[in-house]
Structure formats: structure tokens, C-alpha cells
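Enquirer: My questions will all concern the structure given below.
The values are calculated or read from the model by the stated rules, or taken from the named source; none is laboratory data. Quick caveat: nothing in here was measured; it's all calculated off a predicted structure. Virtual Cβ from ideal backbone geometry, glycine too; neighbours counted across all protein chains shown.
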């Protein structure tokens with residue numbers, strides 16, 4: 001074997017190892033392989049970058065954009081609902097409808113993207129029809145492969161073959177050149193599933209019951225948040241008067257979260273007769289959802305969350321009056337405008353290895369982290385100092401719209 005062959009084999013083994021283990025990001029591994037082939041002289045610089053201008057690569061990238069659009073716009077959920085409406089709960093009709101729908105969609109986007117987009121909807125259909133998900137998921141996978149073979153862009157090999165034909169002077173395949181053969185294969189696949197599927201498809205019951213989703217109130221009790229709520233009164237002589245929330249450093253210095261500010265409106269003169277005035281003073285204070293720019297005033301009542309030790313430290317350092325919280329203060333945690341939710345850190349999140357303070361979680365996502373839990377560890381972890389890991393669960397509090405916006409950050413959070 002020549003030296004070039006050994007080098008190429010080593011680079012291939014490196015790529016396989018890191019693709020399988022995911023010790024490095026997939027795109028980073030691909031660039032390293034490209035650089036290694038170029039530096040070793042196996043490829044010229046022109047050959048190394050020629051693939052980026054290949055129409056096949058551009059087309060495949062565009063298909064991922066199409067898949068993302070289908071997922072973000074809710075089209076996948078709509079398709080799932082329509083399948084259930086058409087097929088009802090008959091297992092046979094459901095199987096046929098699922099395979100036809102998946103095959104049709106996979107003809108215009110990648111097979112993998114189709115399965116990823118429709119997977120939650122298909123599992124929901126199986127649950128609604130009270131059948132095992134495995135009896136629909138395997139036919140869905142076959143239908144995605146068969147449907148992808150029915151059009152030019154349905155699967156990358158079709159694009160590659162058409163491009164090779166064109167480069168060698170032959171007429172390329174048209175968009176629907178594969179459709180007659182692909183439709184025949186799809187019909188055969190559906191027929192096979194109908195005739196033999198009842199006996200061959202696995203009937204797998206779930207290992208455990210589906211965990212019930214906890215309500216925000218149950219999350220608050222599990223994290224013992226009501227027990228760590230306090231009222232702090234800002235005295236006129238307090239060092240916090242005139243400072244903003246950001247300047248006070250509640251979280252950084254004292255590990256305390258300010259959930260709400262209650263401020264009594266200024267009294268207004270209603271009637272003035274000579275030296276006598278009739279003054280109207282509102283009884284109910286205004287509720288303010290604090291942000292980093294909110295300025296504290298004398299006699300503000302702060303609804304805060306933290307351990308008794310941290311609250312005592314804050315009160316002593318800043319000359320604040322401490323008052324016990326009452327039942328109405330729990331509304332600062334959960335109401336129509338703000339709420340609680342748990343989010344999980346997925347394996348490729350950019351937050352892994354960083355602390356909540358380092359990522360500036362509050363200013364970046366407009367949410368407050370009230371607790372961090374990690375598998376195996378029974379006790380909550382320190383919020384500000386612990387580096388985040390894959391699988392960590394964050395209890396976040398803030399406006400519902402900010403919580404729901406985390407769903408768009410699929411790389412960093414699972415809501």
C-alpha cells in the first residue's frame with residue numbers, strides 16, 4: 001500500500017471515530033477532514049472547495065430549510081390531525097394513510113427530515129388510536145425511504161446520479177423521472193404491510209407509564225419555592241434607593257431573585273379649599289415586574305426568593321426590613337402574565353460547561369433561574385456557580401411569552 005493510501009485510510013478512520021462518538025461537532029469534524037486531505041496533498045485546494053459550489057450540495061441544504069419551515073409553521077401538527085381525521089382509529093386505515101402521507105412529504109424533502117418532523121405527530125396518533133407506536137413507526141420509516149425514491153430531490157443519491165450524468169454529457173433525470181418506479185415500490189410496500197404487518201410488526205408496550213406533566217403550582221411546591229419567599233421593605237436610608245436592579249447585584253452578591261416590586265402610588269390632591277386639601281391615597285400598591293433597568297424607591301416592597309441565610313445577609317447589608325410572605329405573594333411566581341417551567345439542557349447546547357452567570361441568562365432570555373437539578377443528585381445545585389451539564393433541568397420563571405420563546409432555541413433547550 002502506498003503512503004497516500006495509508007494517509008487516506010487514517011483520515012477516514014478519524015472521521016468515523018468522531019462521527020460515531022460525537023466528541024466534536026459533526027460540522028467541525030467535516031472541516032478537519034477537508035483540511036487534512038488538503039494539507040496532506042491528497043486534494044488540491046481547488047478540489048477541496050469545489051464541493052461547496054456543487055448544485056447537489058446546495059439543493060440538499062435547501063431541503064433542510066424546507067424541513068425547518070414545515071416544523072416551525074406547525075404544518076407537521078396539521079398533517080397529523082388530518083391523518084387522524086381521515087383515517088379515524090382503524091389500525092389498517094391509519095397505517096395506509098400514514099404511509100401515503102409520509103411518502104408524499106419525503107418526495108419533497110429529505111427522508112431523515114420527514115421522519116424527524118412527523119415523529120411526534122405519529123406517536124400522538126398511535127396514542128389517540130390506542131395502538132402500539134411501533135406498529136406505525138416502522139411503516140413510517142419504510143414509507144419515507146420509498147417516497148424519497150420517487151422524485152429527483154427525495155433522496156441525495158438521485159441528485160448525485162443525475163449530476164454525474166450531466167457532467168458526462170448525458171441528459172439529466174427530470175423531477176418525476178423516478179416517480180413511476182417509486183410509486184410501484186410504494187404500492188408494494190403498503191400492500192406488504194397490510195397483508196403481513198399484523199403478524200410481523202412488533203407490538204411493544206411502553207416500559208413505563210407516560211409521566212404526567214406537572215402544573216406550575218406543583219413545580220413550585222416540588223422546588224419548595226413558597227417556603228423561600230420573603231418580603232423586603234426598602235427603607236428610606238437603604239443604600240438601594242435610586243439604584244437599578246442591575247446595579248444592586250441581587251443575584252451575583254446575595255443569590256437572591258427579585259420576583260416582583262410593589263409600589264404605592266403617590267397621593268394626589270383631589271380638592272383644595274383655602275389651606276385645606278382633600279388628598280386621595282390609593283390603598284392598593286402597583287405591581288411591577290422588575291427588569292435590569294427598574295429603579296428602586298424608598299418604601300418599595302420587594303417580593304424575593306432565596307434561602308433564609310441569603311435573605312438575612314441582603315437585609316443586613318442594604319438596610320432592608322424583612323417581612324414574612326403571605327399567601328398572596330405566591331402570585332408573584334405564577335399568574336396570567338408570569339409562570340414557571342422546567343427546561344432540559346440537550347447534548348449539543350452551547351450552555352454546557354458554562355454557569356448561569358457566564359451566559360448572562362437573565363438579560364439574554366429575560367427569565368430567572370430559580371433552581372437547577374441534575375440526575376442522580378437529590379439536592380438542588382448552586383444556581384450561580386455550577387457549570388451546566390447535559391441533562392440538567394432548569395426551573396425558570398418569567399413572562400409566559402419569554403418561556404414559550406425558548407421553544408425556538410431547540411439546540412439549547414428542551415421545553
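Enquirer: Is it the case that the range 310-332 has a residue that's farther than 20 Å from residue 245 by Cα, over 32 Å from the mean Cα position of the chain (by Cα) and surrounded by 16 or more Cβ atoms within 10 Å (Cβ to Cβ)?
Expert: The answer is yes; a qualifying residue exists.
Enquirer: Let me ask something else about it. Part of a loop (DSSP other than H, G, I, E, B) and touching a helix residue (DSSP H, G or I) at 6+ places or on another chain (Cβ under 7 Å): does that describe residue 334?
Expert: Judged against the criteria, residue 334 is a match.
Enquirer: Right, here's the next one. Please pick out the residue among 322, 304, 415 that is in contact with a strand residue (DSSP E or B) (Cβ under 8 Å, 6 or more places away or on another chain), under 26 Å from residue 21 (Cα atoms) and touching a residue at least 60 places away in the same chain (Cβ under 8 Å).
Expert: 415
Enquirer: With part of a helix (DSSP H, G or I), modelled with pLDDT under 85 and under 24 Å from residue 183 (Cα atoms) as the only criterion, which of 65, 117, 102 stands out?
Expert: Sole residue among the options that is part of a helix (DSSP H, G or I), modelled with pLDDT under 85 and under 24 Å from residue 183 (Cα atoms): 117.
Enquirer: Now for a separate question. Taking only the range 370-394 into account, find how many residues are more than 14 Å from residue 355 (Cβ to Cβ), over 14 Å from the mean Cα position of the chain (by Cα) and surrounded by 15 or more Cβ atoms within 10 Å (Cβ to Cβ).
Expert: 4
Enquirer: Checking residue 303 against (1) over 15 Å from residue 260 (Cα atoms); (2) part of a strand (DSSP E or B), which test does it fail?
Expert: Status for residue 303: all satisfied but (1).
Enquirer: Another one. Within the range 342-361, which residues are touching a helix residue (DSSP H, G or I) at 6+ places or on another chain (Cβ under 8 Å) and surrounded by fewer than 20 Cβ atoms within 10 Å (Cβ to Cβ)?
Expert: Passing the criteria: 342, 357.
Enquirer: If you don't mind, there's one more thing I want to ask. So which of 244, 307, 287 is in contact with a helix residue (DSSP H, G or I) (Cβ under 7 Å, 6 or more places away or on another chain), surrounded by fewer than 19 Cβ atoms within 10 Å (Cβ to Cβ) and at pLDDT 80 or above?
Expert: Selected residue: 307, the only one of 244, 307, 287 that is in contact with a helix residue (DSSP H, G or I) (Cβ under 7 Å, 6 or more places away or on another chain), surrounded by fewer than 19 Cβ atoms within 10 Å (Cβ to Cβ) and at pLDDT 80 or above.
Enquirer: Can you find a residue in the range 31-47 that is without any contact (Cβ under 8 Å) to a residue 12 or more places away in the chain, surrounded by fewer than 14 Cβ atoms within 10 Å (Cβ to Cβ), outside the structural domain of residue 347 (by TED's automatic domain parsing) and closer than 28 Å to residue 111 by Cβ?
Expert: Scanning the range 31-47 turns up at least one residue that is without any contact (Cβ under 8 Å) to a residue 12 or more places away in the chain, surrounded by fewer than 14 Cβ atoms within 10 Å (Cβ to Cβ), outside the structural domain of residue 347 (by TED's automatic domain parsing) and closer than 28 Å to residue 111 by Cβ.
Enquirer: Go through the range 1-39 and report how many residues are at pLDDT 90 or above and in a loop (DSSP other than H, G, I, E, B).
Expert: Total satisfying the criteria: 0.
Enquirer: Quick check on my filter: what residues within the range 142-154 are closer than 14 Å to residue 112 by Cβ and crowded, with 24+ Cβ neighbours inside 10 Å?
Expert: Across the range 142-154, the qualifying residues are 143, 144, 147, 148, 154.
Enquirer: Does residue 401 qualify as being exposed (fewer than 15 other Cβ atoms within 10 Å of the Cβ), under 22 Å from residue 217 (Cβ atoms), modelled with pLDDT of 85 or more and outside the structural domain of residue 290 (by TED's automatic domain parsing)?
Expert: yes
Enquirer: To continue, here is another question. Of all residues in the range 127-140, count the ones that are in a helix (DSSP H, G or I) and either at pLDDT below 80 or under 24 Å from the mean Cα position of the chain (by Cα) (or both).
Expert: Adding up the residues that qualify gives 4.
Enquirer: Looking at residue 354, is it at pLDDT 90 or above, out of contact with any strand residue (DSSP E or B) (no Cβ under 8 Å at 6 or more places or on another chain) and in a loop (DSSP other than H, G, I, E, B)?
Expert: Numbers: at pLDDT 90 or above: yes; out of contact with any strand residue (DSSP E or B) (no Cβ under 8 Å at 6 or more places or on another chain): yes; in a loop (DSSP other than H, G, I, E, B): yes.
For residue 354, the condition - at pLDDT 90 or above, out of contact with any strand residue (DSSP E or B) (no Cβ under 8 Å at 6 or more places or on another chain) and in a loop (DSSP other than H, G, I, E, B) - is met.
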